Amino acid sequence: MRLSYKKGVYFFEEENVLLGFTDKSFLGVNVSKEVKKVADILGFDFKALSCLKQIHSSKIFRARDSGDIYSGDGLFTLEKLRVLLIRTADCLPLFFYSYKDNLVGLFHLGWKPAYKGILENFFNKIGKFKIELENSYLLIGPGLRKCCFEVKRDFIGFNFFKNFILKRKEKYFLDLGSFVKNEFIKRGFKEKNVLDTRFCSYCLENFYSFRRDRTQNRTLSFILQR
Ligand SMILES: [Zn+2]
């Protein structure tokens, strides 16, 4: 994967799509100010910014009104020069893009939104746009991975995740990254189009981890099409 890094921002560009996420060089608190800083560093212009008030839900929105903050955990847009933004510290940022169909999306994926069906909702909502899923891409950003995503024993009762729970030394771990890959591939994504940074927010000290640090700071993830 061609992930580049510049002054605190990991980024990736393909055709007209630019996406990325910040490290601890950013606090991830003052979102509009920090997005401008990211834009300065990477040298891009944008016309609008869409953010979420994240509530660990299955709600996703088509972002198109100016200045709105949506209560939910996923955004998508067909507009050019609109930055979609989410904040995370352990949950996985998921970047969806189909540059042929001019659609980009961004999700805040913890186990709750996954369990409540946020991905199902997304695929239902984009159904009417006739997106070519076999020519779409997904990138999985930094978050808790199977090495560190310990879950309580009751979790094995969630049949939903049953193939993605690992047992090590009487402890249980959720492999949310593999769950996500499977969800997209079973809906028609090519395996090679599901790109994984494999970054673990807990293992890698340059990312915020709520579980490790109880921090209020966040990784900022963004996507836009130009
Ligand atoms: Zn880890």
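The values are calculated or read from the model by the stated rules, or taken from the named source; none is laboratory data. All values derive from a computational prediction rather than experimental measurement. Cβ placement follows ideal geometry from the backbone for every residue including glycine, while neighbour counts extend to all protein chains displayed.
Mind listing whichever residues of segment 2-17 are out of contact with any helix residue (DSSP H, G or I) (no Cβ under 7 Å at 6 or more places or on another chain) and on the phi < 0 side of the Ramachandran plot?
In the first step, residues of segment 2-17 are kept if they are out of contact with any helix residue (DSSP H, G or I) (no Cβ under 7 Å at 6 or more places or on another chain); the result is 2-5, 8, 10, 12-17.
Across segment 2-17, the qualifying residues are Arg2, Leu3, Ser4, Tyr5, Tyr10, Phe12, Glu13, Glu14, Asn16, Val17.
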Test set (1) touching a residue at least 60 places away in the same chain (Cβ under 8 Å); (2) part of a loop (DSSP other than H, G, I, E, B); (3) surrounded by 14 or more Cβ atoms within 10 Å (Cβ to Cβ) - Ser221 fails condition number: (2)
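For segment 28-38, how many residues meet the condition of being buried (at least 17 other Cβ atoms within 10 Å of the Cβ) and part of a helix (DSSP H, G or I)?
The total comes to 5.
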Would it be correct to say that Val9 is of a type outside the set (D, E, K, R), out of contact with any Ser or Thr (no Cβ under 6 Å at 6 or more places or on another chain), at pLDDT 95 or above and closer than 15 Å to Ile223 by Cα? no
Any idea which of (1) free of Cβ contacts under 8 Å to residues at least 40 places away in the same chain; (2) buried (at least 21 other Cβ atoms within 10 Å of the Cβ) is the one Tyr172 doesn't satisfy? (2)
Taking segment 57-76, which residues are in contact with a strand residue (DSSP E or B) (Cβ under 8 Å, 6 or more places away or on another chain) and in contact (Cβ under 8 Å) with a residue 60 or more places away in the chain? Ser57, Lys59, Ile60, Arg62
Matching entry among Ile86, Ile55, Ile60 (being out of contact with any His (no Cβ under 9 Å at 6 or more places or on another chain) and crowded, with 24+ Cβ neighbours inside 10 Å): Ile60
Kindly indicate whether any position in segment 117-140 is touching a Leu at 6+ places or on another chain (Cβ under 8 Å) and either within 16 Å of the ligand (Cβ to nearest atom) or farther than 28 Å from Ser50 by Cα (or both). yes
Ser25 being closer than 12 Å to Thr219 by Cβ, of a type in the set (Ser, Thr, Tyr) and either surrounded by fewer than 20 Cβ atoms within 10 Å (Cβ to Cβ) or modelled with pLDDT under 95 (or both): yes
Working only within segment 179-218, note down all residues that are assigned to a loop (DSSP other than H, G, I, E, B), over 17 Å from the mean Cα position of the chain (by Cα) and more than 15 Å from the ligand (Cβ to nearest atom). Arg187, Gly188, Lys190, Arg214, Thr215, Gln216
Qualifying residues in segment 126-152 (those that are of a type in the set (Lys, Arg) and at pLDDT 95 or above) - the one farthest from Leu204 (Cα to Cα): Lys146
If you go through segment 145-178 one residue at a time, how many are over 20 Å from the mean Cα position of the chain (by Cα) and part of a loop (DSSP other than H, G, I, E, B)? 4
